[in-house]
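Student: My questions all concern the structure below.
Values quoted throughout were computed directly from the atomic coordinates according to the rules given, and no laboratory measurement underlies them. If you're wondering where the values come from, they're calculated on a predicted model, not measured in any experiment. As a convention, Cβ positions derive from the backbone with ideal geometry for all residues, glycine included, and neighbour counts pool all protein chains shown.
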Amino acid sequence: MGKDVAVVGLYCDFLAQQEQSTTNMLGAMLKQLASRGGISKHTRAAFRKAKTEFGGRGLQLPGMVDILKRTITSLDRLFICIDAIDECTPKHRRELIESLREIVRVSPGTRVFLTGRPHIEDEIARCFTKALRIPLSPTHGDIKSYLEMRLDCDTDPNAMDDKLRADIMRIVPEKVSEM
């Protein structure tokens, strides 16, 4: 055996788009990897150097990608999971996908799992030509269960009568099915 395997994950939040720059997201992955066994001397030196450079802005995207590539060379397998990548700004999403492509190029043991809505498929396919696509759609039952859960959590239950609730439970699943 002796396989060294790591899993890193991110969730992209629409409400935090400005904070979720490509460098911050790659930094979060690096932090997860560093928590497994410390920070290498090379990584420490790169961060120290970036702080002392003009403006002390910290590590920029090319440096972050380089450190990640160096960090993962010791791993037999790395799984990178990013949920809701479509919630990133287009600029950050493109940079992130291109950075992931560069990481995979130098680390054949790395696998990337991305979730997102269908409108970003072409962006991903441009960088990952061998990507497998698994389309997922909610079932009628999934939609009803979700609606029931949300309606049951309503903070003002008196704002809705039984007829309105029944209409919501009937109409919304129909409209979603038509999409």
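Student: For 10, 15, 151, what ranking results if the residue with the fewest other Cβ atoms within 10 Å of its Cβ goes first?
Tutor: Values: 10 21, 15 8, 151 14.
Listing 10, 15, 151 from fewest to most nearby Cβ atoms yields 15, 151, 10.
Student: Using packing as a proxy for protection, rank 130-142, 67-79 so that the peptide with the highest average count of other Cβ atoms within 10 Å comes first.
Tutor: Values: 130-142: 8.7, 67-79: 17.4.
Going by the mean number of other Cβ atoms within 10 Å, highest first, we get 67-79, 130-142.
Student: Figure the gain on full extension for residue 139 and residue 31 (residue separation times 0.36 nm, minus the Cα-Cα span) and round it to one decimal in nm.
Tutor: 35.2 nm
Student: Please give the FRET efficiency for residue 101 paired with residue 18, using the beta carbon to beta carbon distance and R0 = 25 Å, rounded to the nearest 0.05.
Tutor: Numbers: r = 24 Å, r/R0 = 0.96.
Working from the Cβ atoms, E equals 0.55.
Student: What does the extension gain come out to for residue 160 and residue 61, with contour length at 0.36 nm per residue minus their alpha carbon separation?
Tutor: Details: separation 99, 0.36 × 99 = 35.64 nm, distance 5.01 nm.
Net length gain for the segment: 30.6 nm.
Student: Continuing with the same structure: What FRET efficiency comes out for residue 153 versus residue 70 if R0 is 45 angstrom and r is the Cβ-Cβ distance? Round to the nearest 0.05.
Tutor: Numbers: r = 46 Å, r/R0 = 1.03.
Using R0 = 45 Å, I get an efficiency of 0.45.
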